[in-house]
Amino acid sequence: MTDLSVIIVTYNSAGLIGPCLDSLLDAPGMELEAFVVDNASADGTAAAVRRRFPEVSLIQNPANRGFGAANNMALPQCGGRHILFLNPDTLVRPGALAAMSAFLDNHPQVGLAGPRLVYPDGRPQESVSHRYLGQKYAPERYRGFRGEIAWVMGACMIAPAGVVRHVGGFDERFFLYGEEEDLCLRIRQAGWEIGFAGEAVVVHVGGHSEADSPSYDVWRRKFLAEYVFYGKHYPPAVIRRITRDHLLKARWRIATLRLLRPFAGSRERTEAKLAKYRALCDTIADVSASADETVLPKPKKNS
């Protein structure tokens, strides 16, 4: 059996996928297979992979299916003991793959783990989280799980193949954002814990997939993912409390930012903050409009 199956989902990643695959395929002492699932890139990503890396299995989607769904497409073809989900804007440091695989072998109670993520200049990057979205509103739902780590960042995650198949892979309702948090939660619900393979180092550039998107659009996608998570894991009463607090905060911040805008030192930063809170209000309005009133209120759409 192959040691490791690696899945990389790309979207307009022509400038990144080459160095990423070079760092991966040059790893010594690892028998691995690599899959690139391209979500309808328009910049020649798929052609670059086909030309430079014939040993990589390429799956081309005619449309952008999102991160989770694209990963799931490659899962039936994976023959490795472990499965590595890797972003194209990463560079795998020497020894990282072996360290992550050894970590899983030495910790059978771990159902998924992440490495130590760093920026290209070596600065540490947030790699793990100890809390879930909305956890403070329903802490009792998370008592009794194994381990202290809630979830690891989705830029690089490794898991035993059997665990991934046991939980059914990614939930495809998450298009972008939130899917790794949901996957880790389901793995903990199934009895495993989430681990941190700190000896493995992976460079993560970050922000590539949304680099050309307006701030408002990025926040809309993030907040929509939040509400998919809430709707899946919380009862209606908790979702109503979360929504009420979100709206109060967003409306207050919009009012104060507008008032202080003439005196702000950075107009661009102020506009970015306004975009965030407008996106939150609009997301709540849209989600509420399609939800049962016992789950969410029907707030007026903020202009």
At 7 Å along Cα-to-Cβ for each site, give me the label-to-label distance between R244 and D3 in nm.
5.5
Tilt of helix 96-106 relative to the longest C-alpha principal axis of the chain, in degrees (0 to 90, nearest 10)?
90
Semi-axes (Å, rounded, descending) of the ellipsoid equivalent to the stretch 215-289 per its C-alpha gyration tensor are 26, 13, 8
Roughly how many whole Å is it from the C-alpha centroid of the stretch 101-129 to that of the stretch 173-197?
14
The relative contact order of the stretch 215-289, taking Cα pairs under 8 Å that sit 6 or more residues apart, comes to a percentage of 54
Value of [θ]222 nm, deg cm²/dmol, for the chain, DSSP H segments ≥ 4, -39500 (n - 2.57) each, nearest 500
-13000 deg cm²/dmol
Sorted by average packing, counted as other Cβ atoms within 10 angstrom per residue and highest first, what order do 234-244, 174-184 take?
174-184, 234-244
Per-residue HN-Hα couplings for the stretch 110-118, Karplus 6.51 cos²θ - 1.76 cosθ + 1.60 at θ = phi - 60°, whole Hz, x for Gly and Pro?
8, x, 6, 9, x, x, 7, 8, 9
Net charge of Cβ neighbours under 14 Å - reference V56; Lys, Arg +1; Asp, Glu -1
-2
Per-peptide average of other Cβ atoms within 10 Å, ordering 118-131, 80-93, 37-50 highest first
80-93, 37-50, 118-131
Quick shape check on the stretch 59-164: root eigenvalues a ≥ b ≥ c of the Cα gyration tensor, a/c under 1.5 is rounded, otherwise prolate if a/b tops b/c, else oblate, and it reads rounded
Could you work out the local net charge near S23, counting Lys and Arg as +1, Asp and Glu as -1, over the other residues with Cβ closer than 14 Å to its Cβ?
-1
Mind listing the phi-derived Karplus ³J(HN,Hα) values for the stretch 187-201, rounded to whole Hz, using 6.51, -1.76 and 1.60 with θ = phi - 60°, and x for any glycine or proline?
5, 5, 4, 7, x, 9, 10, 9, x, 10, 8, x, 7, 8, 10
Can you compute the label reach from S290? Point 7 Å from Cα along the Cβ direction, backbone N cut-off under 12 Å, restricted to the stretch 13-40.
none
Set the Förster distance to 30 Å, then compute FRET efficiency between H107 and Q135 from the Cβ-Cβ distance, nearest 0.05.
0.80
How charged is the neighbourhood of F170? Take every other residue with its Cβ under 14 Å from the Cβ of F170, and add Lys/Arg as +1 and Asp/Glu as -1.
-1
Could you work out how far helix 14-25 tilts from the main Cα principal axis of the chain, as a 0 to 90 degree angle to the nearest 10?
50
By the C-alpha gyration tensor axes a ≥ b ≥ c (rounded if a/c is under 1.5, else prolate when a/b exceeds b/c, else oblate), the shape of the stretch 114-186 is oblate
For a quick protection proxy, order the peptides 107-113, 152-158 by their average other-Cβ count within 10 Å, most packed first.
152-158, 107-113
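All of the numbers you see were taken from the coordinates with simple rules; none came from a lab. Being a predicted model, the structure only gives us computed values, none of them experimental. Every residue, glycine as well, gets a Cβ built from its backbone with ideal geometry; the counts of neighbours run over all protein chains shown.
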